[in-house]
Structure formats: C-alpha cells, structure tokens
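Novice: Below is one structure. I have some questions about it.
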Amino acid sequence: MADSQKKPSVLIFGGLNTCSRALAALLVPLDGEPLVSLLRIVDKYSVHPATTYLGSEFPKILEKPEVEYKQANLTVGTTIASVFDPPEGQGEFDYVYDFTGEIRTDRTEVIQYSTTYCIARMLGLEAAKRKVKAFVRIQQPFYETSSKGSLETDDPKPAGAVGIWWHETLRGLAAIEDLNLVILRVGFVYGPYTSHGIIATGINVASVYGYMKKPMKSMWSPGKNPNNTIHVDDVAGAAWASSQWISGLGRKAANEAAGVPIPFHNDKTFVKEHPDIPAHNTKPVAPLFNLVDDSNSTLLSVGEVVTSFFGTNFEFFNMVENAMLKWIDHDIEEINEQHVSGWTEMLMKANPPISKTPLTAYMDKYTLEKHVIAFPNNKIKQVIGYQLKHPEFNHAAVKDIVDKWKEEGSWPVIN
Ligand SMILES: *[C@@H]1O[C@H](CO)[C@@H](O)[C@H](O)[C@H]1NC(C)=O
C-alpha cells in the first residue's frame, strides 16, 4: 500500500537487555502490520550467537524484512555517525529511541560517565544534527523519591553514582536545544522476556520460597515503601506515543506543554573539567513524563502478589534498619544462601532438568537495599493521552511471565 511510504523509519539504541526488544515487538509485530517502514536496532551485543539474553520471540522479529540489527561500540563517535546513516536512497531516520545506559549498579563513575552519559549525549547531538523528528530517552528509576510521590516538577534524589550519571544524562540531552526530546522516567519494569531488575528477581526468589514452602522475608519493614511498577509493553507503548506526540509539535512547543527544568546533582569540579556537561548553574528544560502503572505498587504489594502466586507468604524480619544495612554490607552471600541453593535444586529437579538459564535467584546489593520509587502518572495521561495496556501488576501478569519462561525452557517445570 502507498501508505507504507508514510510510515516512519526508526532507530533503537541500546536496551537489548532491558526494554528495546518489547519496543521492537510493538513496532514490527510477529503477526500484523508493522508500524514503521524500517527498524534498525543498534547495541553492543552480538545476536548471532547471542551474547545476552534475547528471549524466544525477539530472534523471530529480527527475521522480519523491515528489521535490521547492527552490533556496534557506541562509545566511538564515528561509529555513532555511521549507524545514523540511512540505507542508500532513503531519507534520514524519523524517530530515535535512546534506551542506552549502564544498568549495573556496581560500575565505577568513569564507566558510568563514558557509557551512560557520553553515549547518550553523542546520540542526542547526532540526532539533532540530522533533525530527527523524535528522540525518546528512557530514564531508569535510579532515584529515591518522596514516599508521597515525586511529580515531574519535583526533584527526586539520584541514588548513588549510577543515579547521578543517569540523571546527568538528562541534563546533557536537555541542553541540546533543537533536539526533539521526550524523557520517560519509568518505575520498576517487569514483563515477559524481561530478566533484568528487581521485579524479575523478586518473582524468581518468591518461587523458591513457594517451592520450599517457607515464607519469603523482606529486609525492610512494610511501612510506606512505594515500589511503583510498569509493564515493559507500556514502556514500549509510551515510547511510541511520545514520539508521535513530539513529532507533530517540535521541541519548543513540547517544552511549553511539558517542559521541566532538570536540576544539578553532580560534582562541580568534575563538571568543570568536562565541557560536554552543562554548567552546574544551568537547569536545561525538557519535556519529561513519569511512567508507572496504576497499581501504586509498594514493596509490600509486590511481595504479596509474587509470594501468593507461588502459594507462600510475605513476611518481615524483625530487625532495626541499621542492623539490616550492616548485614547487607557484610553478608550478602549468607542472605542469598537459602534461595540460591533452592533455585539450583529446582533447576536440577525440573522436567526436563535445566542446565542453563538467564534467570537467577541471587539478590545483589542494590536489589537488597531499600528503594522508594513513587512517580504519579497523571501527566502522561493528560498531556499525551497515553492509555496503559497493563494498569495493574497482578497474578495474571506473573503467570504470563512465568508461562513464557517455561515455554522457552528458562524456567523449571516441576511435576
Ligand atoms: C569500545 O571502544 C572503546 C574506545 O575505543 C574501547 O575502550 C572499548 O574497549 C570498546 N569496547 C568494546 C566492547 O570493544
């Protein structure tokens, strides 16, 4: 159909280990009409053979005629310019989705600067130079928000070095004035084929306690610990909706409709020595939206959903917070011992036994620490009109995730 001429061509950078496979599945579905004329995905991983977990669906999407994959080292500026080049005879790409950024929380500041800040900044500069109509940045929830919730106009505290550099990246992008930028500040992401993050680990660990018929115990008192959640398909859906929204408006009007200043949270001395980072006394403005579901998820509600799904309970250690922090600092292995060995047993007893899976019951320091993530989601609904596909984190969601892992042989089927 002549219509296909009008479909946008799009680039997705990074996020193969987080959300970009779900976006690819939305843009070029396995069954049904693609929304785009061309989808190029660029990340550091190899897909043949896979050097990261891809899930069983994504390799089939890569086979689609509209889709191409490029493995590239995006820390190299000339590489970035070359992957932006459209195929022979075609115009520049229309939309760019920036899902890059180091999600490992144990990396040094130097690595965070070069792989989170510098890559995104170079992508933004190149996209602005080529006048792409939309540039959507996913901001992972490396913050400690107010327990009442941090609106877009509020200033939640970046959590640790990882948080500081993810946040600084927003300033670096916002400062590119003619970049058609939209920032989506997401909650804890969960969903099918999503092995990263706190919710996936929580599901795996809860299954072990269900298997052992023991309660799963939380390190943190139930209190008010918001842990707002978002389905990976809504990250994809909102990214697509945001690109359509800003492509019709342009940055200036988008700033007027949804722009907020992005405050400084970094080390002044470091910034002074790096001219590619906006000066500490500037607050560049960019359209920014919180993106979480309607569950108002908390540590307690997530814990209850996952444990009850596996037929056990969610309980709390009776310990003061300081003692808990010390325990995490010194004895992560002890904390993990029971459920990691339980998970190994489940894999061995499975029918058929599983020798290799991307899933783990190991909880790293970041996963064990207390997090307060509350992002009220009204603005994206009102301004962009985005409607959540999965407003609630519930048993059906966990079942869908686990069933798909079972189907592809990543999850122990015990009978
Ligand atoms: C990517 O390029 C940088 C800069 O040349 C280099 O330091 C790094 O090792 C490269 N990474 C990989 C995975 O090749």
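Novice: Keeping all protein chains in the complex and leaving out DNA, RNA and ligands, what accessible area do you get for residue 9 with a 1.4 Å probe, in Å² to the nearest 10?
Specialist: Ignoring ligands and nucleic acids, residue 9 comes out at about 10 Å².
Novice: Still on this structure: Can you pull the Rg over Rh of the range 254-404, Cα-only, Kirkwood?
Specialist: Radius of gyration over Kirkwood radius for the range 254-404 works out to 1.06.
Novice: Work out, in µm²/s and without decimals, the Stokes-Einstein translational diffusion coefficient of the chain at 4 °C, 1.567 mPa s, Rh from Kirkwood over C-alpha pairs.
Specialist: It comes out at roughly 59 µm²/s.
Novice: Further question: Find out how many positive minus negative residues lie around residue 315, taking Lys and Arg as positive, Asp and Glu as negative, among other residues whose Cβ is under 13 Å from that of residue 315.
Specialist: Its environment carries a net charge of +1.
Novice: Across bins of 10 angstrom width beginning at 0, how are the C-alpha pair distances of the range 235-282 distributed, in whole percent?
Specialist: Pairs per bin, as whole percents: 21, 30, 30, 18.
Novice: I'd like to check one number: the per residue accessible area of the range 298-377, probe 1.4 Å, reported in Å² as a whole number.
Specialist: 55 Å²
Novice: Would you work out if the range 332-415 is rounded, prolate or oblate? Take a ≥ b ≥ c from the square roots of the eigenvalues of the alpha-carbon gyration tensor; rounded if a/c is under 1.5, else prolate when a/b is larger than b/c, oblate otherwise.
Specialist: Judged from the Cα gyration tensor, the range 332-415 comes out oblate (a/c at least 1.5, b/c at or above a/b).
Novice: If you don't mind, another one. Using Cα atoms only, what is the angle between the long axis of helix 321-330 and the major principal axis of the chain, expressed in degrees (0 to 90) to the nearest 10?
Specialist: 80 degrees
Novice: If contacts are Cα pairs under 8 angstrom and at least 6 residues apart, what is the relative contact order of the chain in percent?
Specialist: 18 percent
Novice: For the chain, with the dipole built from +1 on Lys and Arg beta-carbon atoms and -1 on Asp and Glu ones, taken about the Cα centre, which of 320, 351, 277 lies farthest toward the positive end?
Specialist: 277
Novice: Separate question: Hey, can you find the accessible area per residue of the range 15-140 for me, probe 1.4 Å, expressed in square angstrom?
Specialist: Value for the range 15-140: 42 Å² per residue.
Novice: How much accessible surface does residue 76 have with a 1.4 Å probe, in Å² rounded to 10?
Specialist: Residue 76 exposes around 60 Å² with every protein chain in place.
Novice: May I pose another question? Suppose R0 equals 45 Å; then what is the FRET efficiency for residue 111 and residue 383 from their Cβ-Cβ distance, rounded to the nearest 0.05?
Specialist: Efficiency for this residue pair is about 0.80.
Novice: GNM on the chain, C-alpha springs below 10 Å: top fluctuator among 373, 401, 12?
Specialist: Sorting by GNM fluctuation, first place goes to 401.
Novice: Expected output is a single nm value to one decimal: the length gained when fully extending between residue 269 and residue 349, i.e. 0.36 nm times separation in residues minus the C-alpha distance. What is it?
Specialist: 23.3 nm
Novice: Something else: Of the candidates 241, 396, 254, which one comes out as most mobile in a Gaussian network treatment of the chain with C-alpha springs shorter than 10 Å?
Specialist: Judging by the Gaussian network model, the answer is 396.
Novice: Over the alpha-carbon set of the range 36-171, work out the extent along each principal axis and list the three values in angstrom, largest first.
Specialist: Largest to smallest, the principal-axis extents are 49, 34, 30 Å.
Novice: Based on the Cβ-Cβ distance of residue 341 and residue 213, what FRET efficiency does E = 1/(1 + (r/R0)^6) give at R0 = 22 Å, to the nearest 0.05?
Specialist: 0.90
Novice: So for the range 203-256, what percent of the C-alpha to C-alpha distances run longer than 16 Å?
Specialist: 69 percent
Novice: Provide Rg and Dmax in Å for the range 36-82, with only Cα atoms included in the calculation.
Specialist: 11.7, 33
Novice: DSSP beta bridges in the chain, what fraction antiparallel, as a percent rounded to 5?
Specialist: In the chain, DSSP labels about 15 percent of beta bridges as antiparallel.
Novice: Place a label point 7 angstrom from the Cα of residue 129 along the Cα-to-Cβ direction, then list the residues of the range 257-282 whose backbone nitrogen is under 18 Å away.
Specialist: Under cut-off, by backbone N: 275-277.
Novice: Separate question: Between 374, 72, 200, which gets the highest mean-square fluctuation from a Gaussian network model of the chain, Cα cutoff 10 Å?
Specialist: With Cα springs under 10 Å in the chain, the top fluctuation among 374, 72, 200 is at 72.
Novice: In addition: Go ahead and estimate [θ] at 222 nm for the chain from helices alone: -39,500 (n - 2.57) per DSSP H run with n ≥ 4, summed, over the residue count, rounded to 500.
Specialist: The per-residue figure over the chain is -10500 deg cm²/dmol.
Novice: Percent of accessible area on the chain owned by carbon and sulfur, 1.4 Å probe?
Specialist: Here carbon and sulfur together make up 52 percent of the probe-accessible area.
Novice: Using the Cα atoms of the range 170-302, I'd like the radius of gyration and the largest Cα-Cα distance, Dmax, both in angstrom.
Specialist: When restricted to Cα atoms, the range 170-302 yields Rg and Dmax of 19.3, 57 Å.
Novice: Going toward the positive end of the dipole of the chain, with +1 on Lys and Arg Cβ and -1 on Asp and Glu Cβ, which of 242, 303, 216 do you reach last?
Specialist: 242
Novice: Roughly what percent of Cα-Cα pairs across the range 151-228 reach past 21 Å?
Specialist: 51 percent
Novice: Provide Rg and Dmax in Å for the range 327-377, with only Cα atoms included in the calculation.
Specialist: Final numbers for Rg and Dmax: 14.9, 44 Å.
Novice: While we're here: If the label point is 7 Å along Cα→Cβ of residue 6, which residues in the range 206-245 have backbone nitrogen under 11 Å from it?
Specialist: Output list for this probe position: empty.
The values are calculated or read from the model by the stated rules, or taken from the named source; none is laboratory data. Note that this is a predicted model, so its numbers are computed, not measured. Cβ coordinates were reconstructed from backbone atoms using ideal geometry, including for glycine residues, and neighbour counts include every protein chain displayed. The accessibility values were calculated without ligands, DNA or RNA, using every heavy atom of the protein model including side chains. Shrake-Rupley method; radii C 1.70, N 1.55, O 1.52, S 1.80 Å.
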